[in-house]
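Trainee: Input: one structure, supplied below.
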């Protein structure tokens, strides 16, 4: 998949460097953005959000305008499928995600797809670009459901509110857990990459 060339929108030049685990600014930015995605998606669906921003076999780019990181996008380079794309609200509806996905679609040696489930707005965008939604293999679905169940069980064990639903964690505690999840997921990957680089020396 080719690098995203500099693009121009109404706010100025958009640059999309590849995520660098050794770049502390990239790490802190992806944690903040991933946390925002998780909380926003949880508010929309009231379900545990799917997708991760970095990790194998993903290629992740940071979206930057005039020195400000405004979003990220990740693509599975084995399945040729978009994993996640997120932009902060102030920069939405400017054609930024469209430009990134179009670039990836045109550079992809096979048909680019997007991993489901996706939001109605994302489906509309992908449909307009001719990027189909792909269903996840049964083993991935099963693994995802296990992770969701484990997450809910962890939150339920710690939740002291429950609001009349014994054994069911409240949304407040789910949000707290999701906020921590963003940090844990990113730093686990960064630590793995760092350890691998040190081992190679």
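Trainee: Can you tell me which of 88, 54, 70 moves the most in a GNM of the chain? Springs connect C-alpha atoms under 10 Å apart.
Mentor: Maximum among the listed residues: 88.
Trainee: Once both labels are modelled 7 Å past Cα along the beta-carbon direction, what's the residue 28-residue 44 spacing in nm?
Mentor: Going by the 7 Å Cα→Cβ label model, 2.8 nm.
Trainee: Further question: For residue 142 and residue 111 in the same chain, what is the full-extension length gain: residue separation times 0.36 nm, less their Cα-Cα distance, in nm?
Mentor: 8.6 nm is the gain from fully extending residue 142 to residue 111.
Trainee: Okay, next question. Pick from 157, 182, 99: which residue has the top mean-square fluctuation in a GNM of the chain where Cα pairs under 10 Å get a spring?
Mentor: 157
Trainee: As a footprinting exposure proxy, order 127, 183 by other Cβ within 10 Å, with the fewest listed first. If you can, show how the numbers build up before the last one.
Mentor: Details: 127 11, 183 15.
So the ranking, lowest neighbour count to highest, is 127, 183.
Trainee: At q = 0.19 Å⁻¹, what log₁₀ I(q)/I(0) does the range 31-115 have when each alpha carbon counts as one equal point scatterer in the Debye sum?
Mentor: Debye intensities relative to I(0), on a log10 scale: -0.90.
Trainee: Another question, if that's okay. What is the distance, in nm, between label points placed 7 Å from the Cα along the Cα-to-Cβ direction at residue 90 and at residue 59?
Mentor: It is 3.0 nm.
Trainee: Shifting gears a bit: Taking 8 Å as the Cα distance limit and 6 or more residues as the minimum spacing, I'd like the relative contact order of the range 49-173 as a percentage.
Mentor: Working: 138 pairs, mean separation 17.8, N = 125.
Reported relative contact order: 14 percent.
Trainee: Kirkwood Rh, Cα Rg: Rg to Rh for the range 4-200?
Mentor: 0.98
Trainee: Still on this structure: How much length, in nm to one decimal, is gained on full extension between residue 133 and residue 78, taken as 0.36 nm per residue of separation minus their Cα-Cα distance?
Mentor: Full extension from residue 133 to residue 78 adds 18.2 nm.
Trainee: First check a/c for the range 87-143, with a ≥ b ≥ c the square roots of the eigenvalues of its C-alpha gyration tensor; if it is under 1.5, answer rounded, and if not, answer prolate when a/b is larger than b/c or oblate otherwise.
Mentor: oblate
Trainee: Whole percent per 10 Å bin, from 0 to the bin with the longest distance: what is P(r) over all C-alpha pairs of the range 13-78?
Mentor: Using 10 Å bins, I get a P(r) of 21, 49, 27, 3 for the range 13-78.
Trainee: Further question on the same structure: If you build a Gaussian network model of the chain, linking Cα atoms that sit under 10 Å apart, which residue out of 90, 21, 151 swings the most?
Mentor: Largest GNM mean-square fluctuation: 90.
Where a number appears in this text, it was derived from the coordinates with a stated rule and is not lab data. Just so you know, these numbers come straight off a predicted model, no measurement behind them. Cβ sites come from the backbone with ideal geometry, for glycine too, and all protein chains shown count toward neighbours.
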